[in-house]
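Undergrad: Before I ask anything, let me first share the structure, which is written out below as structure tokens.
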Amino acid sequence: MHDDGGGTGRAGPDGAGLTRTTLGHLRGSRDESDDLLAPMRLNLGCSAPTSGPSGLTQSPGFPKAFAQALHFARSPGRGLVAECISSSTKSGSGGGMEQTMSGVTLFGFPRSTYVQIAGLVLTQKEVPYTFHDLESEMNTASHITLHPFERVPILRHGDFTVYETAAIVAYVDEAFDGHKLTPEDAQPRGRMNQWISAINGYYYPYLIYHVSHERNVFPQLGIASDEKVVAHAMPKVGNGLRVMERELSHGKDFLIGPELTLADFYMLPMIHAFGFAPEAQELYPKFPAICAWRERMEALPALKRFRTAQPPRAPIEHARRWVDGHRPTY
């Protein structure tokens, strides 16, 4: 059910399992507004990070020698392609970045939440990559060749191809240099994996598959929301937010503690996408710890680069097929 869900035309939710969600984020966002930070300002009551004229804000810890941006261009037979360009690449022994920019390609569609997870981890690890938009290829032979279950994301590194978000981000974290996003010790690593499992099982299905699709994805295609679907999801959404608020209220900067982990990059696209729903505008101000966590996440240099690089938002056209066979009924 999730994006690794990522997206089949018939099975994908807003981001996981819903391939369209991923591209939407790279395109902009899933709300009527093209401002990707609008949900944070309007729905969370938090002030958005500021940026300079280039949109790339310099802040403590920002690697001055590194600049990364996505450049979108039409490529014959490939559709919309975005190249993530870095001014410097890492090299050295021990599995570091030894290939050029073209050595890493992320396949998906921008509004998929799970594609965004992969893109965020690549950006945080400062791995230059090319983004291949599969929107026009979803569920076709070329897509199935990459992912036999017709989902997104897919990652190609040289002659190695891997699909499923969990496998992709674990590979990126291990194969490339940079600060590790997976704890070394067993207990915090177990807690991180617990969060990732909860996000896949309890947050994505209700915040995205139920509410975000009904409030954003379908209406943007002229398809009316199903209020029964939203009503069914909201108690579960509230429970998920209460659990997250409780965990973050114990003085934790991030989901596991003082250090960023993969779990934070799993959660952020869910909180971001749900933030465009009117229900979130009512709920988020009641959860100050979540609001503060999101502000910390959005202030990361990698997030600023990622948000700046997104193309303009557009409806998820292949989501029209989700109405038959990939939409909850109650």
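Undergrad: Provide a single number: the residues in the stretch 277-293 that are surrounded by fewer than 23 Cβ atoms within 10 Å (Cβ to Cβ) and more than 24 Å from G251 (Cβ to Cβ).
TA: Total meeting the criteria: 4.
Undergrad: Take Y204 and tell me if it is touching a helix residue (DSSP H, G or I) at 6+ places or on another chain (Cβ under 9 Å) and over 21 Å from L248 (Cα atoms). I'd like the intermediate steps shown before the answer.
TA: Details: touching a helix residue (DSSP H, G or I) at 6+ places or on another chain (Cβ under 9 Å): yes; over 21 Å from L248 (Cα atoms): no.
It is false that Y204 is touching a helix residue (DSSP H, G or I) at 6+ places or on another chain (Cβ under 9 Å) and over 21 Å from L248 (Cα atoms).
Undergrad: For V211, work out the one condition from (1) closer than 17 Å to D264 by Cα; (2) β-branched (V, I, T); (3) assigned to a helix (DSSP H, G or I) it doesn't fulfil.
TA: (1)
Undergrad: Scan the stretch 179-237 for residues that are of a type in the set (S, T, Y) and either exposed (fewer than 14 other Cβ atoms within 10 Å of the Cβ) or touching a Gly at 6+ places or on another chain (Cβ under 9 Å) (or both) and jot them down. Talk me through it step by step, then tell me what you get.
TA: Here is the first cut: in the stretch 179-237, the ones of a type in the set (S, T, Y) are 182, 197, 202-204, 206, 209, 212, 225.
Passing the criteria: S197, Y202, Y203, Y204, Y206, Y209, S212.
Undergrad: A further question on this structure: Against the definition (farther than 24 Å from R307 by Cα and in contact with an Asp or Glu (Cβ under 8 Å, 6 or more places away or on another chain)), how does V211 come out, yes or no?
TA: No; evaluated as a whole, the condition is false for this residue.
Undergrad: Of all residues in the stretch 230-265, count the ones that are farther than 11 Å from F287 by Cα and of a type in the set (D, E, K, R).
TA: Filtering the stretch 230-265 down to residues farther than 11 Å from F287 by Cα leaves 230-237, 239-240, 247, 250-265.
Of the ones still in play, those that are also of a type in the set (D, E, K, R) are 236, 247, 252-253, 259, 264.
Of the residues in that region, 6 qualify.
Undergrad: Would you mind stating whether I256 is in contact (Cβ under 8 Å) with a residue 40 or more places away in the chain, within 18 Å of H213 (Cβ to Cβ) and either of a type outside the set (K, R) or touching a Phe, Trp or Tyr at 6+ places or on another chain (Cβ under 8 Å) (or both)?
TA: Numbers: in contact (Cβ under 8 Å) with a residue 40 or more places away in the chain: yes; within 18 Å of H213 (Cβ to Cβ): no; either of a type outside the set (K, R) or touching a Phe, Trp or Tyr at 6+ places or on another chain (Cβ under 8 Å) (or both): yes.
The answer is no for I256.
Undergrad: Within the group G201, G178, which residue is modelled with pLDDT under 95, farther than 15 Å from A280 by Cα and not acidic (D, E)? Working first, answer last.
TA: On the way: G201 fails: modelled with pLDDT under 95.
Criteria check complete, one pass: G178.
Rundown of residues vs (1) at pLDDT below 95; (2) buried (at least 24 other Cβ atoms within 10 Å of the Cβ); (3) under 18 Å from F265 (Cα atoms), yes/no style:
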| position | (1), (2), (3) |
| --- | --- |
| G92 | yes, no, no |
| M97 | yes, no, no |
| I117 | no, yes, yes |
| K125 | no, no, yes |
| H132 | no, no, no |
| E137 | no, no, no |
| T145 | no, no, no |
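Undergrad: When you scan the stretch 123-149, how many residues do you find that are assigned to a helix (DSSP H, G or I) and more than 15 Å from T161 (Cβ to Cβ)? I'd like the intermediate steps shown before the answer.
TA: Start the filter on the stretch 123-149 by keeping residues that are assigned to a helix (DSSP H, G or I), which leaves 123-124, 135-137, 141-146.
From what is left, the residues that are more than 15 Å from T161 (Cβ to Cβ) are 123-124, 135-137, 141.
Result for the stretch 123-149: 6.
Residue-wise test of (1) among the aliphatic types (A, V, I, L, M); (2) in a helix (DSSP H, G or I); (3) within 19 Å of T113 (Cα to Cα).
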| residue | (1), (2), (3) |
| --- | --- |
| V152 | yes, no, yes |
| T161 | no, no, no |
| H179 | no, no, no |
| M192 | yes, yes, yes |
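Undergrad: Now, a different point. Within the bounds of the stretch 315-327, is there any residue that is in a loop (DSSP other than H, G, I, E, B), among the acidic types (D, E) and more than 24 Å from Y129 (Cβ to Cβ)? Before you say what the answer is, go through the steps one by one.
TA: Taking the stretch 315-327 first, the residues in a loop (DSSP other than H, G, I, E, B) are 315-316, 324-327.
Now narrow it down to the ones that are among the acidic types (D, E): 324.
From what is left, the residues that are more than 24 Å from Y129 (Cβ to Cβ) are 324.
Yes, some residue in the stretch 315-327 is in a loop (DSSP other than H, G, I, E, B), among the acidic types (D, E) and more than 24 Å from Y129 (Cβ to Cβ).
Undergrad: I'd like to know if the stretch 246-253 contains one or more residues that are modelled with pLDDT of 95 or more and hydroxyl-bearing (S, T, Y).
TA: Restricting attention to the stretch 246-253, the residues satisfying the condition of being modelled with pLDDT of 95 or more are 246-248, 253.
When the remaining residues are screened for being hydroxyl-bearing (S, T, Y), the result is none.
No.
Undergrad: OK, next. Of all residues being closer than 11 Å to M192 by Cα and among the hydrophobic types (A, V, I, L, M, F, W, C) in the stretch 241-264, which is surrounded by the fewest Cβ atoms within 10 Å (Cβ to Cβ)? Just the residue, please.
TA: Among them, the one singled out is F254.
Undergrad: Among what's in the stretch 148-166 and is surrounded by fewer than 19 Cβ atoms within 10 Å (Cβ to Cβ) and of a type in the set (V, I, T), pick the residue that is farthest from the chain's Cα centre (by Cα).
TA: The selected residue is T161.
Undergrad: Something else: If you go through the stretch 102-121, how many residues are closer than 18 Å to T308 by Cβ and either more than 11 Å from the chain's Cα centre (by Cα) or of a type in the set (K, R) (or both)?
TA: The total comes to 2.
The values are calculated or read from the model by the stated rules, or taken from the named source; none is laboratory data. Bear in mind the structure is a predicted one, so any value in this text is a computation, not a measurement. Positions of Cβ are generated from backbone atoms using ideal geometry, with glycine treated the same way; all protein chains shown enter the neighbour counts.
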